[in-house]
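S.K.: Okay, here's the structure, questions in a sec.
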Amino acid sequence: MSIVCYHAKRLLELLILKCAGGKNVSAWHDIPLWTEDGLLNFICEIPKESSAKMEVATDEEGTPIKQDIKKGKLRFYPYNINWNYGLLPQTWEDPGHHNTDVDAAGDNDPVDVVEIGSQTGVMGAVYKVKPLGVLAMIDDGELDWKVIAINAEDPKASSVNDIEDVEREFPGEVDKIRTWFRDYKTPDGKPQNKFGFNDKAMNKEFTLGVIKETSEFYQNLLSGKTDANGLALK
C-alpha cells in the first residue's frame, strides 16, 4: 500500500483519511507501522502550535481522527502543543499488561509520538520518522508511552540517531517535552503526570523494544487473542 496517496477530509471536528481512490482509510489499522526503508510511519493528529485535542477514535468503525468532547464541548489543551503529535499505527498499549518496571498497565490507545522536526505537520498526514527515544508517562495510573521522533526529511534528521543526539542538536528539547506533558492538566486543577525510569528519556534501543512489544499487543488484539472490549478493529 502506497501511503503517498493519503489525503485528509475535514468535517467539522471529524477527520477521515482517504486514499486516492476515494476509499476510507483507518489511521490505526490500514497504514503499516514500518516503511519499506526501515523507518516508522507517524500519523499527525495535532499539528505543532495548535491546541485542539484531536485523536483517533479507537471505538468507532474506521477509527477517524476526532476532537475530544467533554460535557458537550469540544476540548482544547490549555495552551498550544509545541511539536507535531500523533500516533504509531498498528500499535496498542494493552491495559491487561502490567509493566513491572513502572508499575502500571497500558492506556488502551495506540503509542503516541512527539515529532520534534521544524516542519509543521498536517492533520491526518502520514510522515516517515526516525525513532530517537521514549518517555514512560504515567497518566492517572496508566502507562502512556511518548516516543520522541523526527521527520526523516527534516534538515537535522541525519544528525540525530539516538536520544543523546537530541540534546546536542536540540538543546533542552527533551526537558521541554517532559515538562509540557507533566503539567498540561494542572490548569484544570488536576495533578501533574509522572514518568517512570526516574523521569529519564530512554534510548533508541529501548524505544525499539517498546515499539516491538506494543506492535505484538496490537497483533494479539487484531487476531482475537486479546479481547477488544469495544475497540473497533476495522
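S.K.: Contact order normalised by length for the chain, with contacts defined as Cα pairs under 8 Å and 6 or more residues apart; what percent is it? Don't skip to the answer; put the middle values down first.
M.R.: Details: 511 pairs, mean separation 45.8, N = 234.
Relative CO of the chain lands at 20 percent.
S.K.: Another question, then. Explain nothing, just the number: relative contact order of the range 130-234, from Cα pairs under 8 Å at least 6 residues apart, as a whole percent. Numbers along the way, then the final one.
M.R.: On the way: 123 pairs, mean separation 33.0, N = 105.
Relative contact order for the range 130-234 comes out at 31 percent.
S.K.: Let me ask you something else. Just from the alpha-carbon atoms, what are the Rg and Dmax of the range 112-222 in angstroms?
M.R.: 14.5, 41
S.K.: Apply the Karplus curve 6.51 cos²θ - 1.76 cosθ + 1.60, θ = phi - 60°, to the phi angles in the range 74-83 and return the couplings in whole Hz, x for Gly and Pro.
M.R.: Calculated HN-Hα couplings, in order: 5, 9, 10, 5, x, 7, 4, 8, 9, 9 Hz.
S.K.: Still on this model: Want the number for Val122 to Lys176: 0.36 nm per residue separation, take away the alpha-carbon distance, what's left? Show your work: numbers first, answer last.
M.R.: Details: separation 54, 0.36 × 54 = 19.44 nm, distance 2.22 nm.
The span from Val122 to Lys176 would gain 17.2 nm if fully extended.
S.K.: Of Lys128/Lys156; Lys66/Lys146; Lys130/Lys185; Lys71/Lys176; Lys73/Lys194, which sit over 25 Å apart, Cα to Cα?
M.R.: Details: Lys128/Lys156 14 Å; Lys66/Lys146 20 Å; Lys130/Lys185 28 Å; Lys71/Lys176 30 Å; Lys73/Lys194 27 Å.
Flagged as over cut-off: Lys130/Lys185; Lys71/Lys176; Lys73/Lys194.
S.K.: For Val56, list long-range residues whose amide hydrogen, built 1.01 Å from N in the peptide plane, is under 5 Å from its own amide hydrogen.
M.R.: Distant-sequence amide H within range of Val56: Lys66.
S.K.: Per residue of the range 56-69, in order, report the coupling 6.51 cos²θ - 1.76 cosθ + 1.60 (Karplus, θ = phi - 60°) as ³J(HN,Hα) in whole Hz, putting x for Gly and Pro.
M.R.: 5, 7, 6, 9, 10, 4, x, 6, x, 7, 10, 7, 4, 10
S.K.: So, one more: To the nearest 0.05, what FRET efficiency results for Phe206 and Thr186 with a Förster distance of 35 Å applied to their C-beta separation?
M.R.: Details: r = 28 Å, r/R0 = 0.80.
Efficiency computed from Cβ-Cβ geometry: 0.80.
S.K.: Say we join alpha carbon atoms closer than 10 Å with springs in a Gaussian network model of the chain; which of Leu132, Leu88, Leu222 then has the biggest fluctuation?
M.R.: Leu222
S.K.: By its C-alpha gyration tensor, with a ≥ b ≥ c as the square roots of the eigenvalues, how is the range 30-78 shaped: rounded for a/c under 1.5, else prolate for a/b larger than b/c, else oblate?
M.R.: oblate
S.K.: Could you tell me the relative contact order of the range 18-91? Use alpha-carbon pairs under 8 Å, at least six residues apart, and round to a whole percent.
M.R.: Numbers: 126 pairs, mean separation 29.2, N = 74.
Answer for the range 18-91 is 39 percent.
S.K.: PRE reach from Asp139 (point 7 Å along Cα→Cβ): which of the range 157-190 fall under 13 Å by backbone N?
M.R.: Residues passing the 13 Å test: 180-186.
S.K.: Give the aspartates and glutamates whose C-alpha is closer than 13 Å to that of Lys204, dropping any in the same chain fewer than 8 places away, or say none.
M.R.: Asp162, Glu164, Asp165
S.K.: From Cα coordinates alone, what are the radius of gyration and Dmax values for the range 82-153 in angstrom?
M.R.: Using the Cα atoms of the range 82-153, the pair Rg, Dmax is 13.0, 37 Å.
S.K.: Also, quick follow-up: In whole Hz, what ³J(HN,Hα) sequence does the range 173-179 give by Karplus (6.51, -1.76, 1.60; θ = phi - 60°), x for Gly and Pro?
M.R.: Couplings: 5, 5, 5, 5, 4, 4, 5 Hz.
S.K.: What is the ratio of the Cα radius of gyration of the chain to 2.2 N^0.38 Å, with N the residue count, to two decimals? Before the final figure, lay out the partial values.
M.R.: Details: Rg = 16.7 Å, N = 234, 2.2 N^0.38 = 17.5 Å.
Relative to the rule-of-thumb radius for its length, the chain sits at 0.96.
S.K.: Given the whole protein assembly as supplied and a 1.4 Å probe, what does the accessible area of Phe206 come to in Å², nearest 10?
M.R.: Per-residue accessible area (Phe206): approximately 60 Å².
S.K.: Rounded to the nearest 500, what is the 222 nm mean residue ellipticity of the chain from helices alone, with -39500 (n - 2.57) per DSSP H run of 4+ residues and division by all residues?
M.R.: Values: 3 runs with 38 residues, N = 234.
Rounded to the nearest 500, the figure is -5000 deg cm²/dmol.
S.K.: In the chain, with Lys and Arg counted as +1 and Asp and Glu as -1 at Cβ, which of these residues, Gln90, Gly209, Ile65, has the Cα nearest the positive end of the dipole, that is, farthest along it?
M.R.: Ile65
The values are calculated or read from the model by the stated rules, or taken from the named source; none is laboratory data. Bear in mind that the values here come from a model prediction, so they are computed numbers and not experimental data. As a convention, Cβ positions derive from the backbone with ideal geometry for all residues, glycine included, and neighbour counts pool all protein chains shown. What goes into the accessible areas is simple: the full protein's heavy atoms, side chains included, and nothing from ligands, DNA or RNA. Shrake-Rupley method; radii C 1.70, N 1.55, O 1.52, S 1.80 Å.
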